[in-house]
Every structure is written in structure tokens, then in C-alpha cells.
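Here is the structure we will look at.
The values are calculated or read from the model by the stated rules, or taken from the named source; none is laboratory data. These numbers were taken from a predicted model, which means no experiment stands behind them. Heads up, the Cβs are rebuilt from the backbone with ideal geometry, glycines too, and the neighbour counts pull from every protein chain shown. Only protein heavy atoms, including side chains, enter the accessible area calculation; ligands, DNA and RNA are left aside. Shrake-Rupley method; radii C 1.70, N 1.55, O 1.52, S 1.80 Å.
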Amino acid sequence: MRRALALAATAVLLALATPFALLAWQRHLPDDTPPSTAPVNLTRGAYLAAVGNCAGCHTARGGERLAGGRPLPTPFGTAFSTNLTPHASGLGGWTRDDFWRALHLGQSRDGRLLLPAHPITNTTQITRDDADALHAWLQAQPAVDAPRRPHELRGLYGSQLAIAAWRALYFRPGVYEADPRQSPAWNRGAYLSQGLAHCSACHAGRDVLGGDRGAADFRGGLLTGLGWHAPSLLDPAEAGVQRWPQEAVERLLRDGQAHDQIAQGPMAEVVLGSTAALDDADLAAMATYLRALPMQAVEREPGATPDPRRRALGARLYETHCASCHGDAGEGRRDASGALAYPALAGSRLVTQASPANLLRLIERGGFAPATPGHPRPYGMPPFAGQLSAAELAALASHLRHSYGHTAGEVDDVEVLRLRAAAVAR
């Protein structure tokens, strides 16, 4: 009996001590990376901040640039980005070592572990030279008084113990290491895509805890809170560019339009705020890497037998609302210069993706490509959210996904409502 009680007491103590030991372990990850010896280069820092799209997350709509406060929806509640300006409420007083630990180890100056909403699996890959250049540029920006807004996460998801447990499962700090089997261009593209540009922050396939398979996980998945689906970069039928010419991939990243494809939704923001800033060498490197990704088809459920009445309604809606721009046969339209004005729907990857989320999102909220130097006046599509019911949206989407030789899955009212529920943020 005495032995049994001792074992039980030991088990209880271990159960109580383990979470705190886990937290202590995550807060004291070793790092012996020396500071950069390169001279401060603010121009370099500005370039890195643009490619990394720091302002994209750290600027609230209508707020001061880089002052944080932008809501970042997650499956576990809403996080809010922090102030990156050199004010005391932001990065004021932060040394380059402090900033390096935040990027490399995901740890704030006060020792607090950063939420996984900060893409630590990507930023840990950034080199010390680049981190120090980025820090110097941020410290040179106008200071803005913008205190950190508390996160609105459910239950214990925002606790330090929960973050430590998540990190133990999914986070391993480490600067990107070049693959000697690959070319310098491929390695540079991998460094940009996996690290600074953090492509997997959207394009990873995440599990129920929000974990992924690392910075090179590009399987795609639903962006809960936004209602958009980040398509797989591994599947040429989704967003893979393995079969595209090099120049077309570069143009899509730089201009937001190429190969009769147009960047829409969150990807339009990425082009505008990030990849359009790439210099020629980095643009070519990223395109080289993305074209070399392994091909892996997305698993698709067998398409339901189309409902004739739903399809008929969808055809009528298409004729009324869509044909004047996209053509009677979904062939699209070009402007007087020959540039793509309204994309073809026949053969469109967006229309036939495994998930209908992006198609429904575009119909409801409209389609707006980024205005870039190479594509300064993009055409837009008006939203139809106020004109079409859930049943009509399902009918129109089903018509498009089963016309022009398409064999994608049918969309019903329940699917429309489910995806609407996933779009709580904008």
C-alpha cells in the first residue's frame, strides 16, 4: 500500500511539474549565433521588410503603418499583431539581439513565447545578417504610440503553457541551410519562400492544432477566419506552377497576372505587399524554386451527381450576371491591347479546385487584382453578396464546376453556409 501511494504521489508530481518544465525548456532554447559584422544597410532592411510583407500583418486597416493592431483570425480565436515601430509600446529599446531572438526563437524581449500566429517556423530560417538589417530599418521608422492589444483566444489557447506545448510538437529553430545538391538560384528561392516570404504561413496543410510539416509544407488548406482556401503549390491543378514557363511564374509574382491567371483575394495582397518588390535575381530564384516543387495531387472526393434543377438555375444566373464579361462559353475577354481583362472560366483552376471556397468568395465579395507597375489598371468584378441567396450561389458555382468540360464537385446550400461561417474576418 505504501509503495502504491508513493508511486501515485510521484505520478501526480510529475504531472504537475511537466508543463512547467516544458515551459522552462522552451524559454531557454540555446542560441550562440553572433551578431552580424556587416555594416548597417537601411536600404537592404527596407527591401527585406517589403519582401517579408511586414506591413501586411502589422498595420491595422486605417491605422499607422507598422503600428500593429490588425486582427489575425485563427481557428482558436483572434490574435492581434504587435507594434513594430521604435516606440516604447513597440520595439523601442529592443537591441538587435532581442529582435534576433524574436525571429529565430519566437521569444519576446520579456521572455514571453510568441503565438504561433507569428510565423516562427518561417522566421527562424532568416539569417542573422538579414535579421540585423531588418532590425536597423525598423528602428529608423517613425515611432507610433500603439500599445499591444490583448489577444482574444478561446480557453487556454493563448497561455504560455499551451504555446510551449505547441512549440514542442511543431517548432525547431534553425537558420536555412543550403542544399548542396541544388543550384544557388534554387537555394535562394527556397530561402525566400520558406523564410522571409513565409509562403507556408498560408499554403501549409494544418492539422487540428494548427501544426504543419515545416516551412516547406505547401499542401494548401482553408484559411479559417478569412473564408479563402490557400490552394496547394504541389498540385498543378490547384496552384502549382511546375508546368509553367519560368517567365510566366516571374510575371505572376511581380505583376499579379500571367499565363491567363490573375492573383485574387489574399494572394493579390501578397503580390502587392511582397513579391512585387522582389528584384530580378530574387524573382528568378523564387520562380526557379516554385517550379521545382514536387508534384502531389490533392485528394478529391468523388463529385456528386449534378442536380438538373440546380444546374438549370445556375445557367440562367450565369447568363444574367456573368456572360457579358466572361463570355457565353466562359472564354473570357481581352481589352483592345490584347491584355487579359476578364479571365476565362472554361478550364480555370480556380473554378475546378477541390474546394469551392475561392470561387464562392469571389462571387460574393468580388474580384480585385493588385495594381502593380506591370499591370497598373486591373479590371475588377463587383460583389454579388447582396443579390444572390445561398441557394443561388450554390447553383451558379455548380453550373461553373460542371460546364465547359469541368467535372468538379457539386456545391449545395449547406456548403455555401459552412464556408460563410469560416469567413468571420473580412
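Below is a table of values for the structure above.
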read-out: Area accessible to solvent at Ser159, 1.4 Å probe radius, in Å²; value: 40
read-out: Angle in degrees between helix 128-139 and the longest Cα principal axis of the chain, rounded to the nearest 10; value: 80
read-out: Structure-based [θ]222 nm, the chain - -39500 (n - 2.57) summed over DSSP H runs of at least 4, per residue, nearest 500; value: -12000 deg cm²/dmol
read-out: Accessible area of Val270 in the full protein assembly, 1.4 Å probe (Å², nearest 10); value: 50
read-out: Protein accessible area in the chain, 1.4 Å probe - carbon and sulfur %; value: 58
read-out: Rounded tilt (10° steps) of 2-27 against the dominant C-alpha axis of the chain; value: 70
read-out: Rounded to 5, the percent of DSSP beta bridges in the chain classed as antiparallel; value: 95
read-out: Heavy atoms of Thr352: accessible area, 1.4 Å probe, square angstrom to 10; value: 30
read-out: Interatomic Cα distance distribution for the chain, bins of 10 angstrom, percent; value: 4, 19, 29, 24, 14, 7, 2, 1, 0, 0
read-out: The range 295-348: C-alpha pair distances exceeding 18 Å, %; value: 53
read-out: Qualifying GluC sites (Glu not before Pro) for the range 225-309 [loop in DSSP, other Cβ within 10 Å: at most 10]; value: Glu299
read-out: Per residue, the convex hull volume that the Cα atoms of the range 319-402 enclose (Å³); value: 106
read-out: Surface per residue (accessible, 1.4 Å probe) for the chain, Å²; value: 49
read-out: Helix 246-255 vs. the chain, principal-axis angle (Cα, 0 to 90°, nearest 10); value: 80
read-out: The range 273-379: C-alpha gyration tensor shape, a/c 1.5 cut-off, then a/b vs b/c; value: oblate
read-out: Local net charge near Leu283, Cβ-Cβ under 13 Å (Lys/Arg +1, Asp/Glu -1); value: -2
read-out: Cα gyration tensor shape for the range 62-144, rounded if a/c is under 1.5, else prolate or oblate; value: oblate
read-out: Inter-centroid distance (Cα atoms) of the range 218-262 relative to the range 331-378, Å; value: 13
read-out: Net +/- balance of residues flanking Val411 in space, Cβ distance below 12 Å, scoring K and R +1, D and E -1; value: -2
